[in-house]
Structure formats: structure tokens, C-alpha cells
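Undergrad: Quick one: the structure is below, questions incoming.
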Amino acid sequence: MRQMHAIVDDVHELGALGYDLIVQVGRVMRKVEVKDGSKPPAHRKLTANELAARAESGDCYAVVISVDEAVELVHEMRRENEKPV
């Protein structure tokens, strides 16, 4: 994400937030939860804090399980950034 010129703040150590990263591309920001895509889906479920953060954040919350998904998220954020305000 940083290689794609996104601003990325790693906040995973503040586990109670319910997300691992804050990502910004231009005026678009996302709270991003990173899950291990190599684990089975049952082990990638969102925790109570993550579910609460997603409910509170709405469209500003994303979950990624791979590098490809992270790259696609940045592309989506760029497209959203191009829309008129």
C-alpha cells in the first residue's frame, strides 16, 4: 500500500480499536482489518471489537486477506477519490 503512495498508519497494537491499519489515499480514508488468508474462514472471523468498529465505520471499514485485496482496495480508494465531492 505504501509502495502505491497510500498513507498507512499501523495501529494494530491498539487492539481495542477493531482494525489494524488506517489507510488514506487523497481525501479517502479506510480503517482496515488484516486477516491471514492462509487460515480457514472460521479462523478469520471478526472479533467483537472488529464487528463493532465495522458497524460504527460503515463504508470506511474494509477487511483484506491478501496482498491482492490490499492492492485492489487502494485502487478502489483512488477511483473514489476521482469522484466529484
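The values are calculated or read from the model by the stated rules, or taken from the named source; none is laboratory data. In this text, all values refer to a predicted model and were calculated from it rather than measured experimentally. Quick reminder, even Gly has a Cβ in these numbers, built from the backbone with ideal geometry, and neighbours come from all protein chains shown.
Undergrad: Being more than 12 Å from the chain's Cα centre (by Cα) and either under 20 Å from M1 (Cβ atoms) or β-branched (V, I, T) (or both) is the filter here, so list the residues in the range 72-85 that pass it.
TA: H75, R78, R79, E80, N81, E82, V85
Undergrad: Let me ask another. Can you pull out every residue in the range 49-68 that is more than 11 Å from the chain's Cα centre (by Cα), modelled with pLDDT of 95 or more and over 11 Å from Y19 (Cα atoms)?
TA: Answer for the range 49-68, where residues must be more than 11 Å from the chain's Cα centre (by Cα), modelled with pLDDT of 95 or more and over 11 Å from Y19 (Cα atoms): A55, E56, S66, V67, D68.
Undergrad: Could I ask something else about it? Here is a check on your reading of the model: is G58 on the phi > 0 side of the Ramachandran plot and surrounded by 12 or more Cβ atoms within 10 Å (Cβ to Cβ)?
TA: Working: on the phi > 0 side of the Ramachandran plot: yes; surrounded by 12 or more Cβ atoms within 10 Å (Cβ to Cβ): no.
Here the answer is no, as G58 does not meet what is asked.
Undergrad: Does the range 62-71 contain any residue that is of a type in the set (D, E, K, R) and under 16 Å from M1 (Cβ atoms)? Reasoning before the result, please.
TA: Initially, the range 62-71 is screened for residues of a type in the set (D, E, K, R), giving 68-69.
Add one more test, that the residue is under 16 Å from M1 (Cβ atoms), and what stays is 68-69.
Yes, that holds for at least one residue.
Undergrad: Further question on the same structure: What residue, among those in the range 1-41 that are exposed (fewer than 12 other Cβ atoms within 10 Å of the Cβ) and of a type in the set (G, A, S), is nearest to the chain's Cα centre (by Cα)?
TA: Result: A16.
Undergrad: Would you mention how many residues in the range 1-47 are among the polar types (S, T, N, Q) and in contact with a helix residue (DSSP H, G or I) (Cβ under 9 Å, 6 or more places away or on another chain)?
TA: The number of residues fulfilling the criteria is 2.
Undergrad: Of everything in the range 8-52, what is assigned to a loop (DSSP other than H, G, I, E, B) and hydrophobic (A, V, I, L, M, F, W, C)? Give them in sequence order.
TA: Step one: filter the range 8-52 for residues assigned to a loop (DSSP other than H, G, I, E, B), giving 11-14, 18-20, 26-27, 35-40, 44-47.
Scanning the range 8-52 gives V11, L14, L46.
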